[in-house]
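These notes concern the structure reproduced below.
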Amino acid sequence: MAESDRNMVFLDGSRLIIEAMARAGAGAYIGYPITPVNWLFDGAKSRIPVTLEAPDEITALQWSAGFSATGTFPVTASAFPGFALMIESLNMSFMMELPMVVILAQRLGPSTGSATTGAQGDLLLLRGCISGGYPLPVLCPSNMMDCWNMAAAAVKTAINLRTPVILLTSKEMIMTNQNMDISGLPEVPLVKRELYDRKDLYKPYSVNGNMVPDFLPAGNENHQVRFNASTHDATGATQKNSVEALGNTARLKNKMEDRLEEYTFYDHDDGDGETVILTYGISAEAARDAIRSIRSSGEKVSLLVMKTMLPVPPRIFDILDRYQNILIVEENLSGLLRELLFGQQKNDRIHRINKIGNMITPGEIIEGVEQCKQPY
Amino acid sequence: MQATILNDVKAPYCPGCGHTVANRNMSKALAELGVDPLDVIAVSDIGCTGLVDPLLNCHTIHGLHGRAAVLAMGICMGLEKPGKKVIALQGDGGATIGLQHLLEAARHNLDMTLVVQNNMVYGMTGGQVSGLSSTNFKKPTMPEDAVPSYDICALAHSAGAAFSARAFIGGDSIDLWKEALSTPGFCLLEVVEMCPAYGMKKVKDLHDVSDYGVEISRNERTPNILNREVGPSLLESFKTIDKTCDAPLDTRMEVIIAGSAGEAIQSAGDLLATAAITAGLSSTKKGDYPITIGTGFSVAEVILSRESIHYTGIETPDVMIIISLDGLNKVKDRIGPHTLIIADSKLGIEDHPNLVSMDFRKMGGARGAALAAMASWLKDSGLLPLDALIEAASRHKHGDKMVAIIDKATGVETTTVTN
């Protein structure tokens with residue numbers, strides 16, 4: 001690119017996320033000011049048509065649900081302490097099939113932990129936070145460009161699948177300033193909702209071939225709309241456990257899995273060799289530096305950065321099967337990604353780098369790759 | 001004839017339940033007000049009141065226990081077309097669970113109506129008492145629970161409700177219903193009933209049971225209406241930084257600037273990072289400070305590099321600029337044997353092999369000491385041209401003062417540039 005075409009600025013991931021979501025169609029941002037999502041709120045205030053400060057996180061999710069049910073796409077953000085309060089309402093929105101994005105910025109726990117210290121500690125919470133283990137789409141940016149692309153993809157996925165989507169990030173990703181040439185940012189088109197436009201009776205949870213019911217906002221003048229957080233049939237009427245209602249509930253799982261290919265994102269840098277570094281989020285940047293260093297010394301190593309964390313895309317396992325050693329890098333002590341993919345059983349192929357309190361360094365990853373070569 | 005909001009589905013309530021009467025009153029009031037059912041959005045709670053959805057011809061949203069009021073607020077704010085009627089329906093249990101939401105709804109004064117059907121018990125779970133169960137109601141079976149009930153009408157009024165009133169099942173309350181459903185702003189109607197399954201068996205007059213009588217309160221307030229305004233692209237808010245000079249730096253350079261809150265440490269970090277971009281380098285900057293940002297340490301971490309930067313952490317910095325004791329205490333454990341320390345002389349650091357100690361506070365004052373130290377270091381090291389720092393400073397709202405500090409610290413006369 002010619003020098004004159006460049007537009008180099010100094011910016012942060014928070015603003016990239018908000019701008020991309022605004023372009024994709026976010027019409028409301030509802031926030032409770034918890035650290036480290038402060039800059040998201042600041043960005044939203046001057047960009048998103050409606051930006052509201054909620055008195056607590058239950059309210060934030062309930063207001064989001066209200067906006068979504070009436071046709072405005074909402075975004076909210078929190079860290080674990082606030083996200084914990086959101087979970088009941090998140091289940092409600094999941095069951096009602098209300099599109100929205102919840103940005104979860106991870107910070108050091110347990111509990112309130114350290115508000116200004118980053119972490120990667122909430123992955124398994126997301127895996128289980130919908131009662132019944134139903135899959136909630138979780139996208140995770142691994143660098144500044146991803147802040148843009150995954151934010152846009154989160155809005156698109158939420159609308160197309162009529163579901164809440166989590167954008168999983170961390171303090172270090174959204175509160176660090178970096179130089180970036182923004183002339184290279186891809187266009188983010190507005191995601192258009194297909195509204196039910198026929199005259200015959202509208203059934204709010206009746207689906208056509210794509211597993212997702214047609215949407216109509218509450219308050220429209222043509223058809224009665226019902227949203228329901230309890231087990232319900234195609235009309236939205238509460239039913240205890242009829243075949244139709246249970247089928248509708250099962251569809252909530254199936255639609256996420258059947259259309260997973262639409263929102264499967266990862267970076268696979270295949271450098272041959274026996275070892276692959278598997279990581280996500282903020283640890284991916286340290287892994288990229290580690291790869292650069294290892295390869296400059298003539299060693300072979302590969303990198304797989306997951307961006308669609310949940311549901312786990314089957315292709316992730318296909319890729320991992322090609323390698324003898326898998327080195328899983330994540331900023332927690334328990335090995336959440338390791339447990340998500342491989343359970344808790346001992347497995348000689350799998351190696352881990354875990355840490356809390358600071359980001360995992362490229363040096364620690366290089367050392368980890370070295371140790372993968374040692375005999376068991 | 002206009003359709004009523006109630007359809008002909010059989011109500012699922014126990015015989016003698018007040019909910020049946022309340023629903024009929026609501027339907028009659030809406031019909032008399034001439035409201036089209038499809039202009040109504042009913043938000044129902046959990047509990048017996050939440051069984052209402054199938055009985056209604058309007059839009060229905062059946063949510064969580066205690067959250068009907070707050071969800072209805074979201075619906076109100078989401079509706080762009082005027083003329084809609086948002087009605088939240090909950091019981092005394094839901095109102096107790098979501099009391100904060102009820103007060104918030106009154107305070108915000110959105111155009112909605114909250115109906116609290118107070119039958120004194122959690123009827124679906126065995127008749128437990130709620131915060132709205134009156135002392136008279138509790139006395140026969142729970143004399144030990146003498147805690148009075150909430151007067152939610154008074155609470156809503158004090159929180160700012162445009163209209164709040166208490167009605168008793170059995171009397172003619174249609175006018176109260178109509179006022180609650182037509183007054184602009186937040187309206188609360190508490191309907192006192194008796195649960196036939198768990199209520200006292202012989203109640204001659206509900207007024208004798210309730211802790212409070214009929215109350216009608218009004219606040220003269222204009223309903224809160226949301227403004228929607230699309231802001232300009234955030235990308236436009238970032239100034240383009242053109243490369244205007246070169247820097248000799250060919251490796252990664254990690255710098256920590258440490259001081260106290262209020263000493264413009266973060267601004268100094270931003271200046272260094274943007275100066276590096278002006279000189280064609282990549283840079284990152286992050287801040288670290290206590291939650292109470294007005295006191296204690298303030299630390300900025302800046303990385304400069306010829307290559308693109310991925311990992312943005314610093315373990316052992318190449319350079320540390322330290323201008324206060326708060327800063328020193330925060331970062332001293334990260335000083336490496338080869339770290340160059342640029343420190344204010346008053347800190348008394350002496351035993352480091354690679355130390356530059358000067359009275360930077362004298363050069364720049366408390367808010368300019370870090371910048372003075374940075375400028376002094378850049379002049380001596382030549383890692384970045386001073387012009388790059390001056391150009392970065394001149395973009396700042398206090399650019400003239402910053403350039404003056406740079407001049408003083410480096411002994412170079414430059415022309416002051418301001419935005």
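Miscellaneous remarks
- Scan of segment B:47-79 for residues that are at the interface with chain A (Cβ under 8 Å from one of its Cβ atoms) and in a loop (DSSP other than H, G, I, E, B), ordered by number: B:ASN57, B:CYS58, B:GLY63, B:LEU64, B:ARG67, B:LEU79
- Qualifying strands (runs of 3 or more DSSP E) (wholly inside segment B:133-221; at least 1 residues being without any contact (Cβ under 8 Å) to a residue 60 or more places away in the chain and either touching a Lys or Arg at 6+ places or on another chain (Cβ under 7 Å) or not polar (S, T, N, Q) (or both)): B:163-168, B:216-218
- Meets criteria (part of a loop (DSSP other than H, G, I, E, B) and either more than 12 Å from chain B (Cβ to nearest Cβ) or within 18 Å of the chain's Cα centre (by Cα) (or both)) for A:LEU16: no
- Residues satisfying the stated conditions in segment B:101-132, i.e. part of a loop (DSSP other than H, G, I, E, B) and under 32 Å from the mean Cα position of the chain (by Cα): B:ASN109, B:LEU110, B:ASP111, B:SER130, B:GLY131, B:LEU132
- Candidates are the residues of segment A:21-48 that are in contact (Cβ under 8 Å) with a residue 40 or more places away in the chain, surrounded by 24 or more Cβ atoms within 10 Å (Cβ to Cβ) and within 10 Å of chain B (Cβ to nearest Cβ); the one that is nearest to A:GLN120 (Cα to Cα) is A:ILE30.
Let's see how each residue does on (1) closer than 26 Å to B:ARG306 by Cα; (2) away from chain B (no Cβ under 14 Å); (3) surrounded by fewer than 24 Cβ atoms within 10 Å (Cβ to Cβ):
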{"residue": "A:MET145", "(1), (2), (3)": "yes, no, yes"}
{"residue": "A:LEU167", "(1), (2), (3)": "no, yes, no"}
{"residue": "A:MET173", "(1), (2), (3)": "yes, no, no"}
{"residue": "A:MET180", "(1), (2), (3)": "yes, no, no"}
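- From the list B:ILE341, B:ILE293, the lone residue that is touching a residue at least 12 places away in the same chain (Cβ under 8 Å), farther than 27 Å from A:SER283 by Cα and within 14 Å of chain A (Cβ to nearest Cβ) is B:ILE293.
Table: residues versus (1) β-branched (Val, Ile, Thr); (2) under 25 Å from A:HIS223 (Cβ atoms); (3) at pLDDT 95 or above.
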position	(1), (2), (3)
B:ASP53	no, yes, yes
B:ILE61	yes, yes, yes
B:ALA72	no, yes, yes
B:HIS101	no, no, yes
B:ALA106	no, no, yes
B:ASP111	no, yes, yes
B:ASN118	no, no, yes
B:MET124	no, no, no
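- Number of residues in segment A:294-312 that are surrounded by fewer than 20 Cβ atoms within 10 Å (Cβ to Cβ) and under 21 Å from the mean Cα position of the chain (by Cα): the value is 2.
- Qualifying residue in segment B:281-296 (condition: surrounded by fewer than 17 Cβ atoms within 10 Å (Cβ to Cβ) and aliphatic (A, V, I, L, M)): yes
- Among residues of segment A:49-97 being closer than 14 Å to A:PRO217 by Cβ and in contact with a Phe, Trp or Tyr (Cβ under 7 Å, 6 or more places away or on another chain), the one that is surrounded by the fewest Cβ atoms within 10 Å (Cβ to Cβ) is A:MET96.
- Positions within segment A:313-328 being over 27 Å from A:GLU370 (Cβ atoms), surrounded by fewer than 18 Cβ atoms within 10 Å (Cβ to Cβ) and in contact with a strand residue (DSSP E or B) (Cβ under 9 Å, 6 or more places away or on another chain), in sequence order: A:ARG315
- Of the criteria (1) polar (S, T, N, Q); (2) closer than 30 Å to B:PHE186 by Cβ; (3) touching a Cys at 6+ places or on another chain (Cβ under 7 Å), which one B:ASN219 fails: (3)
- Residues that are within 14 Å of chain B (Cβ to nearest Cβ) and closer than 22 Å to B:GLY63 by Cα do occur in segment A:244-267.
- Which listed residue, of B:GLU220, B:GLU254, is at pLDDT 95 or above, more than 30 Å from A:ASN177 (Cβ to Cβ) and either exposed (fewer than 15 other Cβ atoms within 10 Å of the Cβ) or not small (Gly, Ala, Ser) (or both): B:GLU220
- Those residues of segment A:185-214 which are under 23 Å from the mean Cα position of the chain (by Cα) and not charged (D, E, K, R), in sequence order: A:LEU185, A:PRO186, A:VAL188, A:PRO189, A:LEU190, A:VAL191, A:ASN210, A:MET211, A:VAL212, A:PRO213
- When we screen A:MET100, A:MET95 for residues that are under 20 Å from B:LEU79 (Cα atoms) and within 12 Å of another protein chain (Cβ to nearest Cβ), the only hit is A:MET100.
- Some residue of segment A:236-251 being part of a loop (DSSP other than H, G, I, E, B), in contact with a Leu (Cβ under 7 Å, 6 or more places away or on another chain), modelled with pLDDT of 95 or more and not hydroxyl-bearing (Ser, Thr, Tyr): no
- Of all residues in segment B:14-72, exactly one satisfies the criterion of being touching a strand residue (DSSP E or B) at 6+ places or on another chain (Cβ under 8 Å) and among the basic types (Lys, Arg), namely B:ARG24.
- As a summary of the residue check, B:HIS19 satisfies the conditions (1) within 13 Å of chain A (Cβ to nearest Cβ); (2) buried (at least 23 other Cβ atoms within 10 Å of the Cβ); (3) part of a helix (DSSP H, G or I); (4) of a type outside the set (A, V, I, L, M, F, W, C) except for the one numbered (1).
- Filter pass, B:LYS286 being within 8 Å of another protein chain (Cβ to nearest Cβ), within 36 Å of the chain's Cα centre (by Cα) and closer than 20 Å to B:ASP326 by Cα: yes
- Enumeration of residues in segment A:271-309 that are in contact (Cβ under 8 Å) with a residue 40 or more places away in the chain and either in the same structural domain as A:ALA105 (by TED's automatic domain parsing) or polar (S, T, N, Q) (or both): A:THR275, A:THR279, A:SER283, A:SER293, A:THR308
- Scanning segment B:129-149 for residues that are out of contact with any Gly (no Cβ under 8 Å at 6 or more places or on another chain), closer than 24 Å to B:ALA88 by Cβ and not aliphatic (A, V, I, L, M) yields a total of 3.
- Tally of residues being basic (Lys, Arg) and within 23 Å of A:ALA54 (Cβ to Cβ) across segment B:53-102: 2
- Out of B:SER210, B:SER267, B:SER233, one residue alone is within 14 Å of chain A (Cβ to nearest Cβ) and more than 22 Å from B:SER376 (Cβ to Cβ). It is B:SER233.
Okay, residues lined up against (1) crowded, with 24+ Cβ neighbours inside 10 Å; (2) of a type outside the set (Gly, Ala, Ser):
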residue	(1), (2)
B:CYS14	no, yes
B:ALA69	yes, no
B:ALA72	yes, no
B:VAL86	yes, yes
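- Residue in segment B:283-295 that is modelled with pLDDT of 95 or more and touching a Lys or Arg at 6+ places or on another chain (Cβ under 8 Å) present: no
- Per-region count, segment B:317-356, residues hydrophobic (A, V, I, L, M, F, W, C), more than 14 Å from B:ILE265 (Cβ to Cβ) and not in a strand (DSSP E or B): 3
The values are calculated or read from the model by the stated rules, or taken from the named source; none is laboratory data. Please read all numbers here as calculations on a predicted model, not as lab measurements. Glycine gets a Cβ as well: all are built from the backbone with ideal geometry, and neighbour counts include every protein chain shown.
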